[in-house]
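Right, one structure below, let's go through it.
Every read-out reported here was derived from the displayed coordinates using simple, explicitly stated rules and does not represent laboratory data. All figures in this text were calculated on a predicted structure; none of them were measured in a lab. With ideal geometry, Cβ positions are generated from the backbone for all residues, glycine too; neighbour counts draw on all protein chains shown.
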Amino acid sequence: MNFNPKTWNYVSHRKQFYIISAVLQIVGLIGFLIFGFNQGVDFQSGTRLDIAIGKPFTEEEVAAELKQLNLEPGSIVTAGDNGERAAVRFTEPLNKEQIVSVKNAFTKKYGEQVDIQESTVDPIVSRELAKNATYALIWASIGILLYIIVRFEYRFAIAGVIGLLHDAFGVIAIFSIFQIEVDLPFIAAILTIVGYSINDTIVTFDRIRENMKLHKVKRKADLEYVVNLSIQETITRSINTVLTVLMASVALLIFGGESIRTFSLALTVGLFLGMYSSIFISSQIWLDWKGREFTNNRVTNNEAS
């Protein structure tokens, strides 16, 4: 059977998508509880050195060079097309003399083309960054909740925020399970995903509200028709929008530097989840919640008669 996004019945399959999302969220939660976060130096005190020498070299070579300086890194990861870059993380902050000695040692061995970028965060700053990142996500969710309540109604607002949490936790779970390093660009990506996802969701909500005025909704079946029609009318816009943005995020992921790799990956995953939740989660949750009014009214009328 051919799939036509403009005629497919999204509402009739909502329970299957609830189950898919529930399974993914549970797996993500278990993975998060087992593995936790692979925190970067932004949220875990220490020093990160990004070393580029302009030609391939191995993690063992980097470790051997640092060992001569009596330095023990927590992790070494080579990157680039031919392994010409290395990200070295130390769990304890390095002082200026140690950083200078590393730069001198690599320059002496590999030449003047060596480029070393350093970022150091002390324990107090790392705790402050983690706290502020959490506050940013909380306040963003509260602001979105209040905005949708004012513009629509509280059911739309809560359904929309559930969709946002679904998207954000989906990205968090993937980063946790695969132990991808989490840093400040990751938080920027999560906030970007939240903004994109709610924008896509509001477009669908707005069409539902318009169609509610055009069609006489007297029972839950009428409500299901309106929601399904609204999704069908906005699905092309949702797909085109996400594909356009995905082209940019995938290009950043492939051709961007190491400094934005985390941001690009989180954004790419989150954009797909944002489109998914606006179609299959948020609007469907609102449908089931709003549909209870018609069910309760019918029960009340039957009892009265």
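With percent of Cα pairs over 33 Å apart defined as stated, name the option among (i) 16; (ii) 26; (iii) 40 computed from the structure displayed. Label of the calculated value: (iii).
Shown for the chain are the DSSP H helices of 20 Å or more along their axis, judged by Cα atoms, with a mean Kyte-Doolittle hydropathy of at least 1.6: 154-177.
Could you tell me the calculated FRET efficiency between residue 55 and residue 22, based on Cβ-Cβ distance and R0 = 51 angstrom, to the nearest 0.05? Before the final figure, lay out each step's value.
Numbers: r = 49 Å, r/R0 = 0.97.
Efficiency, from the Cβ-Cβ distance: 0.55.
Separation of segment 224-278 from segment 1-76 is 18 Å, based on Cα centroids.
Here the label points at residue 294 and residue 127, each 7 Å from Cα along the C-beta direction, are separated by 5.5 nm in the simple model.
Using the Cα centre as the reference, give the magnitude of the dipole from point charges on the C-beta atoms of segment 46-121 (Lys, Arg: +1; Asp, Glu: -1; all else neutral), rounded to the nearest 20 debye. Could the numbers behind the result be given before it?
Working: 9 positive and 13 negative charges, 30 e Å.
Roughly 140 debye, rounded to the nearest 20.
In this simple spin-label model, placing a label point 7 Å from the Cα along the Cα-to-Cβ direction at both residue 142 and residue 237 gives a separation of 3.1 nm.
Extension gain, residue 119 to residue 64: 0.36 nm times the residue separation minus the Cα-Cα distance gives 17.6 nm.
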